[in-house]
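Okay, structure first, notes after.
The values are calculated or read from the model by the stated rules, or taken from the named source; none is laboratory data. Because the structure is a prediction, the values reported are computed rather than measured. Please note: Cβ atoms are built from the backbone with ideal geometry, for glycine as well, and neighbour counts cover all protein chains shown. Quick note on the areas: whole protein, heavy atoms, side chains included, nothing else; ligands and nucleic acids left out. Shrake-Rupley method; radii C 1.70, N 1.55, O 1.52, S 1.80 Å.
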Amino acid sequence: MSELLFEIFCEEIPARMQPKAEADLERLLGEKLTAAGLAWSSLTTFAGPRRLGLAIDGLPVKTEDVREERKGPRVGAPDKAVEGFLRGAGVDSLDACEKREDKKGEFWVAIIEKPGRATAEVIAEAIPEVMKAFPWPKSMKFGEDGKAQRWVRPIQRLLCLFDGQVVDFEVYGIATGNLTEGHRRMGRGPFEITDFAQYTKVLREDGHVIQQREEREAIILEGARKVCADAGLELVEDPGLLTEVAGLVEWPVPLLGEMDPDFLDLPPEVITLTMKTHQKYFAVKKPGEAGVTSKFVVIANQVAPDGGQAIAAGNARVLSARLSDARHFWDNDRKTPLYDWDRPGDDMFTQLEKVTFHQELGTVADKVDRVANLSSKWGECFTYDAASAYRAARLCKADLASQMVYEFPELQGAMGRYYALDQGENADVANAIKDHYKPQGPTDEVPTSPVSMAVALADKLDTLIGFWSINEKPTGSKDPFALRRAALGIIRIGLENDVKLPLRKLISDHSSDYFANKIMEFVQGAESPIEALADDLLAFFADRLKVHLRDEGIRYDVIDAVFALGDDDLVRVTAKARALQAFLDTEDGAALLSGYNRASNIVRAEEKKDGEGAFEGALDAGYLAAAPEDQERALIAAVNTVKGEAQQALVAENFEAAMAALATLRAPIDAFFEHVTVNSEDAALRRNRLFLLSQIRTAVRAVADFDRIAG
């Protein structure tokens with residue numbers, strides 16, 4: 001078995017593109033080799049600022065020979081049929097065919113033998129095709145011959161070795177060879193390469209290049225932690241920044257620098273984001289404390305003779321210049337209030353009247369009006385200061401008009417909090433401005449302060465109702481307005497704070513207040529367009545809840561069974577779904593589901609004959625008093641008991657008790673079906689027994705719609 005080593009050496013590849021480029025190279029070249037019939041034992045990709053490549057071990061030196069048999073016409077068929085067969089099979093004459101026989105008689109079979117191809121030939125054909133079809137997010141033209149030569153950055157060398165020998169081919173006029181280059185300053189080379197092990201060793205020892213991205217990340221993280229610990233400080237870790245910086249350097253050397261301490265009066269988020277966005281520095285803090293210090297960690301791309309002091313000092317000067325710009329934004333923004341409560345108009349909020357939220361939904365100022373109104377509607381759900389929530393909602397988007405947020409969009413909300421505190425707002429109002437965007441992802445924390453919850457829920461629900469009213473919904477993988485995230489945010493706020501949300505009423509009321517005309521225009525064909533919108537939006541919430549609870553092992557059909565009863569309280573629905581899933585996972589639950597399905601199927605089949613609903617109602621008094629069989633008398637008693645116990649448990653929202661009540665039906669149902677014939681020749685007896693099975697269905701459906709549960 002042999003080894004393939006392939007490297008594309010080019011000018012600087014953007015760091016953010018490197019991880020996907022590794023995956024794409026592995027996928028595309030792997031597909032080509034697999035299609036050619038090649039297999040291998042291991043594949044390793046690598047990427048860095050100036051190189052992208054892979055090493056594949058365990059490849060055969062040639063593909064396997066292929067013997068194919070192709071059935072042809074019968075023996076004695078017309079010449080034209082035989083000639084067409086030979087031409088299609090790619091054989092010259094019937095001498096390359098065999099006669100075979102089946103029950104219909106003799107026929108010709110062409111024997112097509114294809115010798116294996118040299119693996120080097122397959123590689124030489126596959127790599128140029130892969131490179132010319134490579135899916136870079138952005139690429140550029142290079143070269144001077146006028147041809148369309150596109151790559152992420154101009155290519156300088158191609159290294160391709162198979163079994164230690166150069167695989168000859170050209171891409172964009174660049175021929176392959178066995179040379180690579182190292183670090184620009186510490187070991188440029190070029191270096192002659194023989195295999196992957198020697199390539200790795202030469203690059204590390206002579207070229208001062210660590211080609212594996214994961215190893216560079218580990219070196220950066222360990223080194224940054226160490227220089228901080230040596231100074232009695234702690235690194236502010238940032239996985240995204242770590243990955244990006246690892247794509248910027250070939251020989252990472254973490255250094256501790258220090259900026260002007262006067263900048264520490266800026267909000268720590270501004271300092272951290274300036275370091276990260278503009279300079280790719282890591283922030284540093286005191287152990288166990290929030291905020292940042294004047295120190296920072298910069299990752300140099302070389303070992304400096306002075307220990308990196310000059311590099312650190314130079315980076316500190318650049319950072320100071322960046323922070324001077326941030327201070328200018330900070331000082332200017334604080335001259336203009338978020339909202340001038342005494343003289344509205346000369347404030348940031350007024351500028352939102354010029355900012356379009358959506359063409360069909362008005363400006364950002366219009367959205368703020370709706371959110372402020374909705375923020376006062378949560379009194380039925382939890383206790384909070386509605387006046388503070390209204391005030392926070394009025395201010396929550398104003399910082400979008402600030403210079404700081406224009407420069408750093410990631411700071412929306414956070415800067416609003418600082419500006420609100422600066423103009424004398426209380427902490428609940430200021431915190432709600434920052435927190436109303438939360439949660440922004442599945443791992444982000446949710447607001448827990450009642451005022452913050454009110455504004456966050458109002459903002460997200462208004463967004464959902466607004467886009468539903470103009471029929472702009474997520475489709476497939478497309479969700480340009482992050483509506484799935486908004487719905488999941490409402491779900492998480494409700495569940496994690498144990499807040500009951502009457503969603504249908506809130507949706508209907510807010511739709512009537514603000515979107516009635518839009519709904520009439522976009523939701524057509526429904527008797528009540530607003531209720532139709534509410535139904536559709538609640539179904540969307542149900543789908544998001546299924547996704548959220550999937551990791552708990554709660555099945556989709558269980559959520560459907562609970563939602564089918566029309567409950568719109570997500571906390572109650574979730575609690576019931578958890579109890580129902582736990583019940584179905586027991587032997588009693590599985591058996592009851594089976595018995596329910598049998599009873600429901602019998603009633604459904606007989607309703608087709610007698611009419612839907614024909615067996616709903618009370619049992620005859622005579623049947624109740626003297627049912628012929630012991631098993632049906634026992635089942636009648638059990639159903640009556642379960643109805644009462646389950647109802648009491650549901651009213652008390654003790655769903656475990658409701659499931660326990662259902663569990664008592666298992667044995668009587670099993671006994672009934674074992675000893676009693678439902679479709680008796682006695683018409684009255686048949687009707688009452690079907691009434692009894694219908695009552696089983698009704699009793700169980702009071703807890704959940706078991707018809708929706710698979711199994």
In terms of the alpha carbon gyration tensor, root eigenvalues a ≥ b ≥ c, rounded if a/c is under 1.5 and otherwise prolate when a/b exceeds b/c or oblate, the range 187-260 is prolate
Of every hundred units of 1.4 Å-probe accessible area on the range 551-600, the number belonging to carbon and sulfur atoms, as a percent, is 46 percent
If each part is reduced to its alpha-carbon centroid, the range 561-579 and the range 105-135 end up apart, in Å, by 57 Å
A student applying the Cα gyration tensor rule (rounded when a/c is under 1.5; otherwise prolate if a/b is larger than b/c, oblate if not) would label the range 1-151 prolate
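State, as an integer percentage, the relative contact order of the range 139-276 based on alpha-carbon contacts under 8 Å between residues 6 or more apart.
About 13 percent, as a whole number.
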Ranked output for segments 580-590, 164-174 by mean other Cβ atoms within 10 Å, highest leading, reads 580-590, 164-174
Filtered hits (lysines, Cα-Cα < 25 Å from residue 643, offset >= 8 within chain) -> 576
The correct pair for the range 77-132, radius of gyration to one decimal and Dmax as a whole number, both in Å and from Cα atoms, is 17.8, 52
Eigenvalues of the alpha-carbon gyration tensor of the range 474-540, times 5 and square-rooted, give semi-axes in Å, largest first, of 23, 17, 10
Hydrophobic long helices for the chain, i.e. whole DSSP H runs reaching 18 angstrom or more by Cα along the axis with Kyte-Doolittle mean at least -0.5, come out as 119-132, 309-333, 450-469, 483-496, 529-549, 570-584, 630-651, 683-701
Relative contact order in percent for the range 250-365 (Cα pairs under 8 Å, 6+ apart) equals 24 percent
For the chain, dividing by residue count, accessible area per residue (probe 1.4 Å) in Å² works out to 47 Å²
Once residue 601 and residue 81 are pulled to full extension, the length gained, defined as 0.36 nm per residue separation minus their Cα-Cα distance, is 181.3 nm
So the FRET efficiency between residue 320 and residue 477, C-beta based with R0 = 41 Å and rounded to 0.05, is 0.40
Evaluated at 10 °C and 1.306 mPa s, the Stokes-Einstein D of the chain based on the Kirkwood radius over Cα pairs, in µm²/s, stands at 49 µm²/s
Mean Cβ-within-10 Å packing, highest first, puts peptides 347-357, 465-475, 91-101 in the order 465-475, 347-357, 91-101
Distance in Å, no decimals, from the C-alpha centre of the range 283-344 to the one of the range 643-711 is 68 Å
Listed by chain and number, the residues whose amide H is under 5 Å from that of residue 169, excluding neighbours fewer than 5 places away on the same chain and using placed H, are 176
Once normalised by the length of the chain, the mean sequence separation of its alpha carbon contacts under 8 Å that are 6 or more apart gives a contact order in percent of 7 percent
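Using a 1.4 Å probe on the protein chains only, how many percent of the accessible area of the range 223-263 belongs to carbon and sulfur?
Using a 1.4 Å probe with all protein chains present, the range 223-263 comes out at 54 percent carbon and sulfur.
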In the structure shown, of 500/546; 354/434; 377/397; 141/280, the pairs separated by more than 26 angstrom at the C-alpha atoms are 141/280
Row for the range 354-467, column shape: gyration tensor on C-alpha, a ≥ b ≥ c, rounded if a/c < 1.5 i.e. under 1.5, prolate if a/b over b/c, else oblate; value rounded
